[in-house]
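A short worksheet on the structure shown next.
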Amino acid sequence: MLKIHPVNIQQVHQLQKISKETFLFAFANDNTPENLSDYFEKAFSIEALTKQISDHNSRFYFVYDDDKLAAYFKINIGESQTEIGANDGMELERIYIYPNHQNKKIGAFIINEVKIKGILEDKKYIWLGVWEHNLKAIKFYQNHGFKKFDSHIYYLGNDPQTDLMMRLEL
């Protein structure tokens with residue numbers, strides 16, 4: 001059974017662990033160790049994660065599968081959105097699932113939870129950025145109704161990468 005729980009400041013080390021492990025699984029083969037290290041310091045340091053958890057416009061959630069930590073996701077609203085910052089939108093900034101929990105419909109569960117949160121907060125759409133070479137993720141988002149509306153450059157360390165920006169109307 002899948003359950004969702006908000007992440008609190010006391011769980012920052014657990015958040016750091018799942019963030020690094022799932023990101024490495026997803027992208028280690030496509031990036032240099034130096035760029036990954038730079039990115040981890042920027043995005044996943046205890047200081048950075050503490051600041052993000054403390055931001056009232058950003059929320060992290062853990063997803064448990066039969067009481068085992070399986071995934072996490074992060075949503076942003078208002079000025080905490082990384083790109084658009086529109087009051088009628090919600091950003092799904094991160095969605096990562098441990099490899100041994102993939103193909104269990106956890107991603108669909110997360111998308112549904114984010115949609116519910118967006119509707120309850122009177123948002124008109126959810127948007128996200130996804131690396132242009134992450135074809136599996138792009139197809140997943142398309143299957144859940146997201147459509148490409150733009151692209152932007154996202155730096156992983158000193159490597160400029162193109163993210164497709166996708167949007168789901170609520």
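Excluding Leu69 itself, what net charge comes from residues whose Cβ is under 14 Å from its Cβ, given Lys and Arg +1 and Asp and Glu -1? Local net charge: +1. Only helical runs count toward this figure. For the chain, summing -39,500 (n - 2.57) over DSSP H runs of n ≥ 4 and dividing by all residues gives -11000 deg cm²/dmol at 222 nm.
Summary of the geometry: the range 34-56 and the range 96-144, compared by the centres of their Cα atoms, lie 22 Å apart. Which value, in Å², gives the accessible area per residue of the chain when a 1.4 Å probe is used on the protein heavy atoms? With the other protein chains kept in place, the chain gives 54 Å² per residue.
Across the accessible surface of the range 39-170, with the other protein chains kept in place and a 1.4 Å probe, carbon and sulfur atoms take up 49 percent. What figure in square angstrom, to the nearest 10, would you give for the accessible area of Asp38 with a 1.4 Å probe? The accessible area of Asp38 comes to roughly 90 Å².
The values are calculated or read from the model by the stated rules, or taken from the named source; none is laboratory data. These numbers were taken from a predicted model, which means no experiment stands behind them. Cβ: placed from backbone, ideal geometry, glycine included. Neighbour counts: every protein chain shown. Surface areas here come from the heavy atoms of the whole protein model, side chains and all, with no ligands, DNA or RNA. Shrake-Rupley method; radii C 1.70, N 1.55, O 1.52, S 1.80 Å.
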